[in-house]
Amino acid sequence: MSGMKSSHASLTRRTFVKGAVAAGALGVAAGGMATTANWLAPAQAVAEPEDKVTYMCHQFHCLSGCCLKCTTRDGRLVKIEPNDACEERDQRICVRGLSEVQHVYANDRLQTPLKRVGERGEGKFEAISWDEAIKTVADAIKESQKKYGEQSVFYRKCTEPSVAHGVEWLVQLLRAESGGNWGLDRGHTNGLVPAVGYYAHLYSRSIWEWPQASTILMVGHNICESGMTYAQCMFDAQEAGAKVIVVDPRYSVTAAKADQWIPINPGTDPALMLGMLAVIVEKGWYDEDFAKANTSFPFLVERKSGKIFADEKAPLETPHLITGDTVYTAYVYDTKTKSAKHYDDKEAKAALEGSWTLDGKEVVTEFTLLKEWIAKNGYSAAWASEITGIDEQVIIDLADQYANGGPAYIDFGLGGPDKYYNADVDGHAMGILTALTGNYGKPGTGLGFFGGIEPTAASGLGAWALPEEFHYGDTGLAMYELPDMKDCPIHCAITFGDAFTLEAANANKFLEWVKTLDFFAIADIYHSSVIDYADIVMPACTKFECPEEIYHIRETGMGYVSLATKTIDPLFESKTDLEIERLIAAEFGLDKYMPQSYEEYADALLKDSPYTKEQLLANQGVIRIPGMETLPDGRGDQVYPTPSTKFEVYYENLLEQGHAFPVYDPPIESDPNNEKFAEYPLQFMQGKSRFRIHAYFSASTWLQEFIGPCVNISPADAAARGIKTGDDMHVFNDRGEFIAKALVNPGIKEGTLFMFETTYNTYYKDGFLQNVTNDAHNQRCYEMRHGPQILYNDTLVQVEKA
Amino acid sequence: MTKLALAINQKRCIGCQACAEACKMENNVGMGMLWTRTLTEGSDVMDAAVGEFPNLRMDYLPLGCQHCENPACQKVCPTGATYKDEMGRVEIDYDKCIGCRMCMAACPYNVRVFNWTEPVHDPETGYGDATVPVRHKGVMEKCTLCKQRTDNGQKPMCVVCCPTHARVFGDLDDPNSEISRLKRERTVRILLEEMGTEPQVFYFV
């Protein structure tokens, strides 16, 4: 038991030299600011303090939304545990939630409004009053509006310094731009929306049905380190007999817990899916009845044009989900009358396979076209094996297990393969696999992202309405496109949280663009990576701090309505996001359209709802949403929100792109055939850590005992470079560089690197992760629902001992 | 009689350290002094797989006081500070502890932590249950099985906060308890069984 011999190396307290220096510099510049130690020292000796218990819904950013019970003593947070008014299975917390006992008081907290006095990026500030900060921000917005128009102002509210997630007022009141395409987490969804409808990643059945499955195929989903409170569902399923199979280039915790782990070459997941598809079609392992009844496979396509053969006199009610064009009723070939019939003709016996000449046109079923497509492109298990590095027989067995093993899921995460150039192809291919095998709309089957956003019944909570004249800017510019624009129309930016280094790749380039802005202000809780680039910094409250008793109201991901009350008073000079937005809005005379307090906001939402404030407060802040007693029967009726109401597998709108059926594309950069590979031969991937939500929780000294910036490297690559665990490692490519500790890990495939998502740049010796990530865009995705995605994992680097 | 015990399902343990932090919080454990922590078996560092790619293992072993029936730590304690209480827990009377660290050397599980200096808490004002005794420089400490909670019929905080329900707490003297059933029916793993310490903490998959 060698693991027991010594305490873990990683359990020793790490020191972050640069972090300490940076925090010190800020302290000096700001002059006389309170330190946490001063702040926390009791003003005077008092009698034995009494414990006070409050309730709140915690992080929405990890998508868990745990309902917590918080104990305060003498006005300070001392204990956090699950809210025991929730059902037993929903009494949840994870290591991140527990660490908040320290994290809310962390040294990295922004304490007072700041004004930049040095160069952008230099980190020199002086403390100013809230009045000065708000006036400066408002004046800058006014000036930009006057000079360039309303749409020159960019406004992005991220999750952490925003307690009412998704609720923002000022951006609409100012008619500011908030960015069009988001570029995150919708790579697979892009390839799935035409098939099953909008929000294709959110399968409308519960993860609590997992125990009814025979097979759970997890691709790019590391549930044991991301949505940890949902990992119990995976174990429940395994205990009930389900086989969990994890596809991941890395031996992740979830891979270690799976019944089978299939290591794959990074970014080649679509080849695996297309290979499985080829096997299932070739062996006849598809569900013919399902394909005929519930999918577009029997629909006829004109061979020459590739267009769906449809009755142009019979338009369908729902327009095309992407183009918005009218869609007409497709024909199928009726084997009884040997003629074309509307696909929804109840009398017709549709053929799944075949080609015919109708109206002088050669037509073919989508299924036959798929077969030809597979043959034309040479897709097979052997072909997929070549690309993915997975043994051919393993691919055949996987296809067998998925198609013939009983009810099956494909659970894709929002990371991993979602962050490569070919994610849309992966999504489309997974959709076709699902449609072919009938693994949708039945208990124990499904396709999508699980473990975070549970399908919930409508809560009946109201909304805060703004007059119609107020709305988002409508140029549709994506934030990640701004640095590439020749004449960028954005001149003034306000962000809540670090949008600029978290929601964009290639930070060096992005921050150069930030430097060109006339004005940039940020409201944030901690000294995040982008703070040093801001002109004005406004300290925001955490979800625990509020000046009023009633705090945030929301639906939780687990199916509750939660009304939080104040846990502690605002620390330092921090303000809630509502207060900050109100103060800025007041400078424009627009605050009258906003709620005056969180209580007024809660009252407005509760007004015509099934709940009252009193009921919520009496029940520890939570009430189960009515209708959540039974699991939802999503798509149980096999009616899809697509124009045909079927599972549509053929994407006519992508004909010009050559992607009516999915075509394998290699990653754009992270590919051994890329010419860059000679210089940068390591495939660099990033993913979730159990100790952070993106960069959030970086400031937690409790969690720093377990984690700091470190890159996992294979023993072979480390040996070739003379690198040992704990060494500083210089990671670089043509976009940038950073230094982090090495962790030599046999779970890493030779030629690849893995790093947990970024942490604040002050914790690195030099640079930070986002300096090397790929900011290329897949142009094809402009023809898709969510546009090009950010290709964080499609990145090559080289490393050397620092 | 009561014999409080802990069973840990290693299959369900994802190595997340929620138990370590729940314990730290509840018991006001100082920085760098965990009472329970989760080791990656066979590895000197956390979360490094063992083996050669792709033939790998990564198993987690949460490790705290084993609350032995025959505790080696108790035998060597010269003052009687370490004792086995009426609920079957191994406890420390901090007032009697003279900081000789004999128990630390004797414990084969290396789970006792010593206050070499005044403990550092972050935040400085401390945290956790109000009734947990304060420990000062020169005193040994370790898992109490959340005495302040289990005295009152509550579960230890590590059990309450485990996100995968890998921990089962109960009374081994109650034959109808879940933990007794697990011990009877499952193949269980006892750490360093050959030492004869007879741990009341056991592992299963």
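FYI, it's all coordinate maths here, none of it is from the lab. Computed from a predicted model, the values in this text were never measured in an experiment. Note that we place each Cβ from the backbone using ideal geometry, even for glycine, and neighbour counts take in every protein chain shown.
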Sites A:Y782 and A:E143 - FRET efficiency at Förster radius 30 Å, r taken between beta-carbons, to 0.05: 0.35
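Grab the beta carbon distance between B:E118 and A:A719, set R0 = 60 Å, and tell me the FRET efficiency rounded to 0.05.
On the way: r = 44 Å, r/R0 = 0.73.
After rounding, the FRET efficiency stands at 0.85.
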Label point at A:K361 placed 7 Å out along Cα→Cβ; residues across the stretch A:317-344 whose backbone nitrogen lies under 18 Å: A:320, A:325-334, A:339-344
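In terms of the Cα gyration tensor, with a ≥ b ≥ c the square roots of its eigenvalues, is the stretch B:4-204 rounded because a/c is under 1.5, prolate because a/b exceeds b/c, or oblate? Before the final figure, lay out each step's value.
On the way: a/c = 1.44, a/b = 1.23, b/c = 1.16.
Because its axes are fairly even, with a/c under 1.5, the stretch B:4-204 counts as rounded.
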Cα centre as origin, Lys/Arg/Asp/Glu Cβ charges: the protein assembly as shown dipole, Debye: 2000 debye
In nm, spacing of pseudo-spin labels at A:Q596 and B:N70 (7 Å Cα→C-beta vector): 7.4 nm
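Distances over 45 Å make up what percent of all Cα-Cα pairs in the protein assembly as shown?
Working: 168595 of 506521 pairs.
That tail contains 33 percent of the Cα-Cα pairs.
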Unit charges at the beta carbon, dipole of the stretch A:371-470: most positive-side option, A:S385, A:Y420, A:A403: A:A403
Residue order, fewest to most surrounding Cβ atoms within 10 angstrom, among A:D518, B:D122: A:D518, B:D122
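Pairs of Cα atoms under 8 Å, at least six residues apart: use those to get the relative contact order of the stretch A:675-801, whole percent. Mind showing how you got there, number by number?
On the way: 254 pairs, mean separation 44.8, N = 127.
Contact order relative to length: 35 percent.
Treat the count of other C-beta atoms within 10 Å as a stand-in for reagent exposure and order B:M1, A:M276, B:M58 from fewest to most. Display every interim value, and only then the final one.
Values: B:M1 9, A:M276 30, B:M58 23.
Lowest count first: B:M1, B:M58, A:M276.
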A:V744 long-range amide H proximity, modeled H, under 5 Å: A:I713, A:T725, A:G726
Pairwise centroid distance, computed over Cα atoms, of the stretch B:33-50 with the stretch A:721-743, Å: 23 Å
Amide H contacts under 5 Å for A:Y792, placed H, 5+ residues apart: none
Restricting the stretch A:64-168 to GluC sites (Glu not before Pro) in coil, as DSSP defines it, with at most 15 other Cβ within 10 Å: A:E87, A:E119, A:E122
Spin-label model distance (nm) - A:E312 vs B:E194, 7 Å beyond Cα toward Cβ: 8.5 nm
Placed amide H near A:F412: partners under 5 Å, 5+ positions off or other chain: A:V219, A:G448, A:F449, A:F450
Residue exposure sequence - A:K338, B:K142, A:K361 - by fewest surrounding Cβ within 10 Å: A:K338, A:K361, B:K142
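Only loop residues by DSSP count here, and only those with at most 14 other Cβ atoms within 10 Å; note down the chymotrypsin sites (Phe, Trp or Tyr not before Pro) in the stretch B:104-167 that meet that. Write down the numbers at each step before the final one.
Working: sites: B:Y109, B:F114, B:W116, B:Y127; in loops: B:Y109, B:W116, B:Y127.
Here the chymotrypsin sites (Phe, Trp or Tyr not before Pro) that fit, given the DSSP loop and packing criteria, are B:W116.
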Within 10 Å of each Cβ in B:19-30, the average number of Cβ atoms from other chains: 5
Mean projected area in nm² (Cα convex hull; one quarter of hull surface) for the stretch A:675-801: 8.6 nm²
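Given the stretch A:61-140, what count of lysine pairs have C-alpha atoms under 21 Å apart, with each pair 8 or more places apart or on different chains? Walk me through the intermediate numbers first.
On the way: A:K69/A:K79; A:K115/A:K124; A:K115/A:K135; A:K124/A:K135.
Lysine pairs, 8 or more places apart or on different chains, close enough: 4.
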Relative contact order for chain A, counting Cα pairs under 8 Å that sit 6 or more residues apart, in percent: 21 percent
Cα gyration tensor category, rounded, prolate or oblate, for the stretch A:465-557 with a/c compared to 1.5: oblate
Estimated inter-spin distance, A:N674 and B:N55, nm [label 7 Å along Cα→Cβ]: 3.3 nm
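Taking the stretch A:643-723, which GluC sites (Glu not before Pro) meet the DSSP loop condition and have no more than 13 other C-beta atoms within 10 Å? Could you put the intermediate results ahead of the total?
Working: sites: A:E648, A:E652, A:E656, A:E669, A:E675, A:E679, A:E705; in loops: A:E648, A:E656, A:E669, A:E679, A:E705.
Answer in residue order: A:E656, A:E679.
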Positive-end residue of B:N110, B:V201, B:A130, charge dipole of the stretch B:4-204 with Cβ unit charges: B:V201
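Expressed in nm to one decimal, what extension gain is obtained for the pair A:T337 and A:E119 from 0.36 nm per residue of sequence separation less their Cα-Cα distance?
Working: separation 218, 0.36 × 218 = 78.48 nm, distance 7.82 nm.
Taking 0.36 nm per residue and subtracting the Cα distance, the gain is 70.7 nm.
Exposed loop sites here are GluC sites (Glu not before Pro) in DSSP loop states with at most 14 other C-beta atoms within 10 Å. What is the longest stretch of chain B lacking them? Show your work: numbers first, answer last.
Details: sites that count: B:E86, B:E124.
Of all site-free stretches, the longest is B:1-85.
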